Amino acid sequence: MTKKILLSGIQPSGKPHIGNYFGAMKQFVDLQDQYESYVFIADYHALHSLRNAKEMRENIIGVMLDYLAIGLDPEKVTIFKQSDVSEHTELCWIFDTITTMPYLMRAHAFKDAEAKNKEIDVGTFNYPVLMAADILLYSPDIVPVGQDQQQHVEIARDIALKFNNTYGDTFKIPEHKIIKNVAVVPGVDGRKMSKSYKNTIPLFADYEEIKKCVMSIVTDSSGELPINVYSIHKLFRDEKELEKIYEEKKGKYKELKELLLEDIEKFIAPLRERRKEFEKDKSKVLEILKKGAEKAKNISSKKMDLVRERIGVKLD
Ligand code: TYM
């Protein structure tokens with residue numbers, strides 16, 4: 001029986017954090033045996049916030065090391081970067097021609113940027129269309145993501161339907177896969193954990209870094225349960241056990257934070273070690289990316305061929 005298909009990716013816009021991990025990356029690992037998987041690095045997407053070539057290069061390699069350290073197996077998963085597969089940007093253009101501006105103006109990311117009076121570049125406006133191309137080229141059944149990407153997957157579905165209605169059945173309609181209790185992992189200030197809010201706990205932080213993050217978690221002294229500490233803690237320890245501990249240590253915020261620090265360290269330390277091992281052999285990492293790009297290109301070029309035929313630019 002052929003396996004169902006999974007596709008997802010993350011931007012190399014900085015260091016991945018535990019929100020990225022629990023919301024999305026962990027799912028890639030947990031599902032790699034069950035699905036034919038395509039996991040990529042959305043480097044062209046990251047251009048809207050990162051305009052420094054050295055940092056971009058470092059972050060791309062960084063995300064690759066992160067993927068390997070969390071347990072993605074390149075023998076099972078096609079791992080590649082978006083910029084190596086030009087079909088993504090090519091299909092994006094074709095989708096641009098069937099997507100209206102008023103429709104994209106309803107996207108959350110655009111509305112947020114507009115509300116902040118930011119000068120919005122065309123790439124940011126168009127972000128969901130490139131994402132639709134990323135997804136639809138590989139005909140995935142599921143796209144595992146955190147809550148903040150749900151709308152983007154819905155936009156991909158709409159674009160697929162519009163294309164299919166206009167040119168004939170071409171794209172499979174994908175479903176997002178969001179795990180409820182980690183859909184929005186909170187940051188140290190209680191808002192959604194996000195690089196842009198500077199409220200993250202990096203996934204590969206060292207002990208001192210984790211300590212700094214944990215000690216900065218905002219606690220509300222009016223209540224007995226420090227909800228921001230608890231919400232992060234439940235990612236690392238069974239909730240039943242946790243309820244008991246928080247009851248016993250009511251009001252003792254410092255002790256609870258120290259326990260959280262130890263629990264996070266216990267979880268991250270082995271990942272950090274694995275990452276260091278992979279870091280020793282950069283050429284192997286580049287080789288994995290190269291092979292991944294070849295496999296991704298093989299799938300996506302066939303799909304693009306069909307698209308070109310459907311829209312009438314293929315003449316032979
Ligand atoms: P990015 O790089 O912002 O985030 C990567 C993944 O992490 C999830 N995530 C979270 N989940 C739970 N709680 C949080 N606080 C949290 N913060 C981030 C995101 O939902 C995401 O799943 N647009 C995408 C990258 C992308 C993509 C794609 C994803 C480009 N093309 C095609 C899937 C399919 C993004 O910016 O993710």
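The values are calculated or read from the model by the stated rules, or taken from the named source; none is laboratory data. As the structure is a prediction and not an experimental result, all values here were calculated from the model. Here Cβ is always computed from backbone atoms with ideal geometry, including for glycine, and neighbour counts include all displayed protein chains. The protein model used for the area step is the full one, side chains on, heavy atoms only, and it has no ligands, DNA or RNA in it. Shrake-Rupley method; radii C 1.70, N 1.55, O 1.52, S 1.80 Å.
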So how far apart, in nm, are the two label points at E262 and T2 if each is 7 Å from Cα heading toward Cβ? 5.2
What net charge is computed for the residues neighbouring A132, neighbours being all others with C-beta under 12 Å from the C-beta of A132, Lys and Arg scored +1, Asp and Glu -1? -2
Residue-averaged 222 nm ellipticity for the chain, from DSSP H runs of 4+ at -39500 (n - 2.57), nearest 500: -16500 deg cm²/dmol
How far, in nm, would the chain grow between D169 and Y197 when pulled straight, counting 0.36 nm per residue and subtracting the alpha carbon separation? 5.9 nm
Farthest toward positive dipole pole in segment 195-276 [+1 Lys/Arg, -1 Asp/Glu at C-beta], among A205, I217, L235: A205
Taking max minus min of the Cα coordinates of segment 1-111 on each principal axis, largest first, gives extents in Å of 41, 40, 26
With every protein chain in place, the chain: carbon and sulfur % of accessible area (1.4 Å): 52
Solvent-accessible area per residue for segment 72-164 (1.4 angstrom probe, square angstrom): 44
Segment 46-151: spread of alpha-carbon positions along the three principal axes, whole Å, largest first, is 43, 32, 27
Where does the chain land on Rg(C-alpha)/(2.2 N^0.38 Å)? 1.07
Taking the Cα-to-Cβ direction at D220 and at E243 and moving 7 Å from each Cα, how far apart do the two end points lie in nm? 2.0
Mean accessible area per residue over segment 195-276 (1.4 angstrom probe, all protein chains present, square angstrom) is 58
Taking a crude spin-label model, label points 7 Å out from Cα along the C-beta direction, the K116 to E209 distance in nm is 2.2
Say the cut-off is 18 Å between C-alpha atoms; which of K4/K314; K15/K276; K81/K291 go over it? K4/K314
